[in-house]
Amino acid sequence: SLFKQRRYESALDLVTTVLDRRVTGDDIALDALSRVERERVSDTLRVAALSFSYQGGPGSLADYFQSRGERPYEHLIYRALGEQHLDKERYSDAAGVFEAFVDRHPLHREAPRLQLKVIAAYQSGGFPDRVLDAKRRFVARYGMDQPYWGRFSRDQAPDIVAQVKSQLDELSRHYHAEAQATKTPAAYQEAIRWYRKRLAYFPGEADSADANFLLAELLFETRQYADAA
């Protein structure tokens, strides 16, 4: 009722009261709730996301929880708001919402999954340059030598490990193709850099031999013969 009267702050205070009672951890599985509880939480998240949308988006969301105190379910509201934008084909806005959470909580358990949603949003919108930048940011934030892995083990987030590897493979292939097309030293060095990072993170895997061979080819083409050998 408060939301429909556009009394968004008052509505949000009650929304957080509901969520405080229903969502008690940052790794809550909504599908573990009963159907009635799941619907109640989903409706509450939808109202929260709409309220923040009408108040200016992720900036208002960050301000609200900064003044009211952080909550373990903030990522669910960012996700709901971003998905509302996706439903309206506002792809850049959706990506901005997902990344706003990552900027605010880069070491949160769900942060890399929201960073992946940034990539997906730009892919859905048909923005190849932004997709490439988003992939680079994902690896920069969640590569296997980054602080996230000081908090979580590979066994705790195998899907993220797999995505790091997948994104590295795609970046390596992209810059390899660019190097062969342009023949510029900068393109070659970029491709070499991504192959080396891929091998540093995943040195002993079966398909690492392919990456190693392709790296050697690039080194040979740039006359780095000793390294190629």
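Seen from every direction in turn and averaged, the convex hull around the alpha carbons of region 124-229 projects onto 7.7 nm².
If r is the Cβ-Cβ distance from Asp103 to Gln180 and R0 is 35 Å, what FRET efficiency results, to the nearest 0.05? E between Asp103 and Gln180, to the nearest 0.05, is 0.50. If the label point is 7 Å along Cα→Cβ of Ala162, which residues in region 193-225 have backbone nitrogen under 18 Å from it? Those under the cut-off are 202, 205-208. Spacing of the modelled spin labels on Leu132 and Arg7, each 7 Å from Cα toward Cβ, amounts to 5.2 nm. Considering only alpha-carbon pairs that sit under 8 angstrom and 6 or more positions apart, the relative contact order computed for the chain is 11 percent. With the whole protein complex present, Arg151 retains an accessible surface near 140 Å², based on a 1.4 Å probe. Shape index of the chain: Rg/Rh, with Rg the Cα radius of gyration and Rh the Kirkwood radius from the inverse mean 1/r over Cα pairs, equals 1.08. Among the GluC sites (Glu not before Pro) within region 192-229, those in coil by DSSP and having at most 13 neighbouring Cβ atoms inside 10 Å are Glu205. Of the GluC sites (Glu not before Pro) found in region 72-174, the ones in coil according to DSSP and having at most 16 other Cβ atoms within 10 Å of their Cβ are Glu89.
Here is how the number arises for the chain: DSSP H runs of 4 or more residues each give -39500 (n - 2.57), the sum is divided by the residue count, and the result at 222 nm is -23500 deg cm²/dmol. If R0 is 45 Å, the Cβ-Cβ spacing of Ser67 and Tyr225 corresponds to a FRET efficiency of close to 0.15. Note on Ala216 and Glu89: the model spin-label points, each 7 Å out from Cα along the C-beta direction, lie 4.9 nm apart. What shape does region 3-122 have by the C-alpha gyration tensor, where a ≥ b ≥ c are the square roots of the eigenvalues, rounded means a/c under 1.5, and otherwise prolate means a/b greater than b/c and oblate the rest? Rounded, since a/c falls under 1.5. In whole angstrom, note down how far apart the Cα centers of region 109-128 and region 153-183 are. First find each Cα centre; the distance between them is then 15 Å.
The Cα atoms of region 87-149 give a gyration tensor whose axes a ≥ b ≥ c have a/c of 1.5 or more with a/b no greater than b/c, which makes the shape oblate. Decide, for region 40-104, between rounded, prolate and oblate: order the square roots of the alpha carbon gyration tensor eigenvalues as a ≥ b ≥ c, take rounded if a/c falls under 1.5, and otherwise choose prolate if a/b is larger than b/c, else oblate. Oblate is the answer for region 40-104, as a/c is 1.5 or above yet b/c matches or exceeds a/b.
The values are calculated or read from the model by the stated rules, or taken from the named source; none is laboratory data. What you see is a predicted model, and the numbers here were worked out from it, not measured in a lab. Cβ sites come from the backbone with ideal geometry, for glycine too, and all protein chains shown count toward neighbours. Just so you know, the surface numbers come from the protein's heavy atoms only, side chains and all, with ligands and any DNA or RNA stripped out. Shrake-Rupley method; radii C 1.70, N 1.55, O 1.52, S 1.80 Å.
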